[in-house]
């Protein structure tokens, strides 16, 4: 639903999960300069090492999500946040537990644009 000024409202049930990397599903909401993504990640799933022009802020909502950054492994648990500057190589993965997480992006990650 769009309001004056292009404000958009997404009622529950309108944000449909779609496949991403094997074992992960996601949806995204995009404005001109920012983006929010939501991920549900199965156990033993992996986002291979990569970097991107977008800044990324990840908050884990449930479970555990591991990141490899600067050859260190960080375990983010529910309520914890990782802020990744532009062009910093990183990977993300789950082990025995699944994870639910949200990411904020700026500028928009074209790969995830709906």
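Structure values in brief
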| read-out | value |
| --- | --- |
| Which numbered condition residue 48 misses (of (1) at pLDDT 95 or above; (2) surrounded by fewer than 16 Cβ atoms within 10 Å (Cβ to Cβ); (3) not in a strand (DSSP E or B)) | (3) |
| Positions within region 1-43 being surrounded by 10 or more Cβ atoms within 10 Å (Cβ to Cβ), more than 16 Å from residue 103 (Cα to Cα) and in contact with a strand residue (DSSP E or B) (Cβ under 8 Å, 6 or more places away or on another chain), in sequence order | 8, 10, 23, 42 |
| Any pair with Cβ under 7 angstrom, 6 or more apart, that starts in region 1-12 at a residue that is closer than 15 Å to residue 36 by Cα and ends at one that is modelled with pLDDT of 90 or more | 10/29 |
| For residue 24: the one exception among (1) over 13 Å from the mean Cα position of the chain (by Cα); (2) free of Cβ contacts under 8 Å to residues at least 24 places away in the same chain | (1) |
| Strands (runs of 3 or more DSSP E) contained in region 62-114 and holding at least 2 residues exposed (fewer than 15 other Cβ atoms within 10 Å of the Cβ) and without any contact (Cβ under 8 Å) to a residue 12 or more places away in the chain | 72-77 |
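The values are calculated or read from the model by the stated rules, or taken from the named source; none is laboratory data. If you're wondering where the values come from, they're calculated on a predicted model, not measured in any experiment. For neighbour counting, all protein chains shown are included, and Cβ atoms are generated from backbone atoms with ideal geometry for every residue, glycine included.
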